[in-house]
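A short write-up of the structure that comes next.
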Amino acid sequence: MSWYNDPLLKNSRHILIKDVQRNMMIGAYEHEKSAAQPVVINVELFINTKNEGDDLGNAYNYDEVIETIDGILSEGHICLQETLVDLIAERLLRNPLLIAVVVRSEKTQAYPGVKSAGVEIFKVRHDR
């Protein structure tokens, strides 16, 4: 985990939202366009917070991750997991508290005998 050495992220909070399980319309092949398939999404957030004061109003609200994922899934079919992780990362990074995000998507029934097939992206805000 080389991010521990990145000066931009060194003093950030690292929040994990693990194994968000959803059935969604995803896939570029014809057989994937007729039925939802299970996907597992993992998100790691790097947050610039120092003064929460034990008050949710001053902290990053984890609900935003689930709401963002569900909002994107409600928009309809997505062909590529690459598109899915890009959309999630870009929307989450709109929150000014976020410094960076890792988003991972795994299709758990993509291939027989394979636990999952997935893609991951790491994005950093460039306006800091």
Of (1) over 21 Å from residue 15 (Cβ atoms); (2) loosely packed, with under 12 Cβ neighbours inside 10 Å; (3) free of Cβ contacts under 8 Å to residues at least 40 places away in the same chain, residue 94 satisfies every one except (1)
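Could you grab me the full set of residues in the range 65-85 that are part of a helix (DSSP H, G or I) and buried (at least 17 other Cβ atoms within 10 Å of the Cβ)?
First, the residues of the range 65-85 that are part of a helix (DSSP H, G or I): 65-73, 81-85.
If the condition is that a residue be part of a helix (DSSP H, G or I) and buried (at least 17 other Cβ atoms within 10 Å of the Cβ), then 65, 68, 69, 72, 73, 81, 84, 85 are the ones that fit.
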Could you check, for the range 37-48, whether at least one of its residues is surrounded by 10 or more Cβ atoms within 10 Å (Cβ to Cβ) and more than 21 Å from residue 119 (Cβ to Cβ)?
-> yes
What are the residue pairs meeting all of these: first residue in the range 34-60, first residue acidic (Asp, Glu), second residue in a strand (DSSP E or B), Cβ atoms under 6 Å, and 6 or more apart or on different chains?
-> 44/16; 44/102
Of (1) surrounded by fewer than 17 Cβ atoms within 10 Å (Cβ to Cβ); (2) under 27 Å from residue 29 (Cβ atoms); (3) more than 14 Å from the chain's Cα centre (by Cα), residue 59 satisfies every one except (2)
Number of the condition not met by residue 110 [criteria: (1) farther than 30 Å from residue 7 by Cβ; (2) of a type outside the set (Asp, Glu); (3) under 18 Å from the mean Cα position of the chain (by Cα); (4) surrounded by 18 or more Cβ atoms within 10 Å (Cβ to Cβ)] | (3)
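Yes or no: residue 76 touching a residue at least 40 places away in the same chain (Cβ under 8 Å) and in contact with a strand residue (DSSP E or B) (Cβ under 8 Å, 6 or more places away or on another chain)?
Values: touching a residue at least 40 places away in the same chain (Cβ under 8 Å): yes; in contact with a strand residue (DSSP E or B) (Cβ under 8 Å, 6 or more places away or on another chain): no.
In short, no.
Any read-out appearing in this document is the output of simple, stated calculations on the displayed coordinates, not a laboratory observation. Computed from a prediction, not measured in an experiment: that's the story for all the values here. Ideal geometry is used to build each Cβ from the backbone, glycine not excepted, and the neighbour counts take in all protein chains shown.
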